[in-house]
Amino acid sequence: HLVETSQNLIWSLDTEGRLTFINQGAKYIYGYEPSEMIGFCLKDFIFQEEVEKIRLTTKNIVETPIFDQNHCSSFQWESIHKRKDGIPLYLNFNAITLKDKFESFQGVIGTAINITERKKTEAIKIKLITSLKESEQTFRSLYEATSDAVILYYEQGIYDCNSAALAMFGLSSKE
């Protein structure tokens, strides 16, 4: 019951990258019923640019770098997927390879969580930091270029002053 009640994806792929199992999290994340996704390749739910970026093959999943079963048995990656309504979403995948008793590759199983809100928050944070840096640069340019004396104070005294303030007090450096 835990698998079916999880809002995270729990899935399995065969050797050709086709979904052989996906839980009810598919409905929450993708907007599809799980039965609508079974038999489709994972790449069918990823934006084409992402498919090319992660080099997700269609013929044989073992040729896909993220599923290189000769070098690693577990994998983690992020990619941009598309919901049934076309809206993009970011997913973070964790997967392990499936092998038979002879160590032959049988497929991949794993989980995925929706990190779209985190990605949006990170993008906003980057924009805010960039904007703050630009504002600081503008302030610093005006601060240094003005012919008016500007002195910045804080609780313990003078924090900084511009070159006009130095000239006003006959100082050559910020001592």
Tally of residues being β-branched (Val, Ile, Thr) and assigned to a helix (DSSP H, G or I) across the stretch 11-50: 1
Looking at this structure, is Tyr32 open to solvent by 40 Å² or more (accessible area, probe 1.4 Å), in contact with a helix residue (DSSP H, G or I) (Cβ under 8 Å, 6 or more places away or on another chain) and not acidic (Asp, Glu)? yes
Quick check on this structure: which one of Lys120, Lys82 is closer than 30 Å to Val51 by Cβ, in contact (Cβ under 8 Å) with a residue 12 or more places away in the chain and not small (Gly, Ala, Ser)? Lys82
Looking at Ala112 and the list (1) at pLDDT 95 or above; (2) over 29 Å from Ser6 (Cα atoms), which single condition is not satisfied? (2)
So is Lys125 out of contact with any His (no Cβ under 9 Å at 6 or more places or on another chain), part of a helix (DSSP H, G or I) and at negative phi or not? yes
Residues of the stretch 57-92 satisfying the condition of being surrounded by 13 or more Cβ atoms within 10 Å (Cβ to Cβ), assigned to a loop (DSSP other than H, G, I, E, B) and modelled with pLDDT of 90 or more: Arg83, Lys84
For the stretch 35-51, give me the residue count where each residue is open to solvent by 30 Å² or more (accessible area, probe 1.4 Å), over 13 Å from His81 (Cα atoms) and not small (Gly, Ala, Ser). 3
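Every residue, every condition in (1) part of a strand (DSSP E or B); (2) open to solvent by 80 Å² or more (accessible area, probe 1.4 Å), yes or no:
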| position | (1), (2) |
| --- | --- |
| Asn94 | yes, no |
| Gly107 | yes, no |
| Ile129 | no, no |
| Glu144 | no, no |
| Asp148 | no, yes |
| Leu152 | yes, no |
| Leu166 | no, no |
| Gly170 | no, no |
Take the conditions hydroxyl-bearing (Ser, Thr, Tyr), more than 30 Å from Thr15 (Cα to Cα) and more than 41 Å from the chain's Cα centre (by Cα) and apply them to Ser173. Does it pass? yes
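The values are calculated or read from the model by the stated rules, or taken from the named source; none is laboratory data. Bear in mind the structure is a predicted one, so any value in this text is a computation, not a measurement. Note that we place each Cβ from the backbone using ideal geometry, even for glycine, and neighbour counts take in every protein chain shown. In case anyone asks, the SASA skips ligands and DNA or RNA and just uses the protein heavy atoms, side chains included. Shrake-Rupley method; radii C 1.70, N 1.55, O 1.52, S 1.80 Å.
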